[in-house]
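These notes are about the structure you will find just below.
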Amino acid sequence: MELAQLTRDLDALRDEALAQAAAAPDSASVDAIETDVLGKKGRLTGVLRGIGALPVEDRPRVGAVANTVRAAIEAALAERRANLRGSELAARLERERIDVTTPGRPIRRGTLHPSIEAMGDIARIFGQFGFVVHESPEIEDDQTNFQMLNIPPDHPARDLWDTLYVDVPGRLLRTHTSPGQIRVMQAMEPPIRALLPGRCFRYEAVDASHGFEFFQVEGIMVDEGTTMADLKGLLDEFARAMFGAGRKTRFRPGYYPFTEPSVAFDVECLVCGGPGCPACGRSGWMTILGAGMIHPVVLRHGGLDPERYQGFAFGMGPERIKMLKHGITDLRLFMENDLRFLEQFA
Ligand SMILES: [Zn+2]
């Protein structure tokens, strides 16, 4: 190997490396060229391996040329890197561009279903009078749903409750929360103050005021010496807490087989306040619940002696309460899962 040849090889390597560097499309390619040409096992080292074959006096000269070549290649790679960094940054900025003026996505908050919310309101108010919430099964037996509530199989009052039966003989979907009265009396000792909220089912044609599935809240109070006056006082307090202080209320005669006497409880119309309007059927009153003194037969079925204990029960529809409060005219809205309706309640 002679000096001139080695110098030419080094020049050729430099020219080739400079061309590659200039054409490198990205910084990864620049890194690859650096390893390939200047690395420990790179091509420059390979060329310099020929140095051993040169006469000793020529070696420093080759070393000087090699250093110049290395410096030129390093400079070219550095320059290319710097250029690429600028354009790669620009590309990255373009790729990750954020429009800070884009409107944010709102975080939607869930709300309670209006029926659940109404039951919560009812439970809170009666809770202040010492009523505790009690759960009662949705699938009932005919005995508890009807017979123990003074509704025998041939009783005409069964027409009031068109019933959905399950495929177990004698079992049905409860048509009201009233069978809970029997279960509470059997489970608790007087004094009893219990609230029974829950889902009820009836074989009904669905329209604006009837559903085959709806909620009810039943209340029951039993103690020695409980009277109709206690019932009236309690319901008056409830009506004021739910619909506002100063609302007039009234009892009207009603009928249920399991209470005697039975009453309907009305509040002054929430829309017109008394004179009469379409919402109250021009009567000036809105019926919010049914109630009455528990029939002695029912007390006995609950395991209590009617000579010693008296009690009252009341039942209301939380949807109806909500409808009256907010002027909602169609019961079906509560079961249709339309968010435009449901989101109005918080
Ligand atoms: Zn009215």
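Quick notes on this one:
- Residue-level analysis places PHE258 outside the set of residues that are crowded, with 22+ Cβ neighbours inside 10 Å and either at pLDDT 95 or above or farther than 17 Å from PHE146 by Cα (or both).
- Residue under evaluation PRO306, criteria (1) surrounded by 16 or more Cβ atoms within 10 Å (Cβ to Cβ); (2) out of contact with any His (no Cβ under 8 Å at 6 or more places or on another chain), criterion not met: (1)
- Failed item in (1) modelled with pLDDT of 90 or more; (2) over 30 Å from LEU289 (Cα atoms), with ARG171 passing the rest: (2)
- Test: residue in the range 232-241 that is more than 16 Å from the ligand (Cβ to nearest atom) and either basic (Lys, Arg) or part of a strand (DSSP E or B) (or both): yes
- When residues of the range 222-255 are limited to those that are under 13 Å from GLY311 (Cβ atoms) and polar (S, T, N, Q), the one surrounded by the fewest Cβ atoms within 10 Å (Cβ to Cβ): THR227
- Out of ALA205, ALA123, sole residue that is surrounded by 13 or more Cβ atoms within 10 Å (Cβ to Cβ) and out of contact with any helix residue (DSSP H, G or I) (no Cβ under 9 Å at 6 or more places or on another chain): ALA123
- Residue check for VAL263: within 26 Å of GLN128 (Cα to Cα) and of a type in the set (Val, Ile, Thr): yes
- Verdict on ARG199 being under 31 Å from the mean Cα position of the chain (by Cα), outside any loop (DSSP other than H, G, I, E, B) and surrounded by fewer than 22 Cβ atoms within 10 Å (Cβ to Cβ): yes
- When residues of the range 202-226 are limited to those that are under 32 Å from the mean Cα position of the chain (by Cα) and polar (S, T, N, Q), the one farthest from ARG332 (Cα to Cα): GLN216
- For the range 6-51, a tally of residues being in contact with a Gly (Cβ under 9 Å, 6 or more places away or on another chain), of a type in the set (Ser, Thr, Tyr) and more than 30 Å from GLY86 (Cβ to Cβ) returns 1.
The values are calculated or read from the model by the stated rules, or taken from the named source; none is laboratory data. None of the values given here were measured: they were computed from a predicted structure. Please note: Cβ atoms are built from the backbone with ideal geometry, for glycine as well, and neighbour counts cover all protein chains shown.
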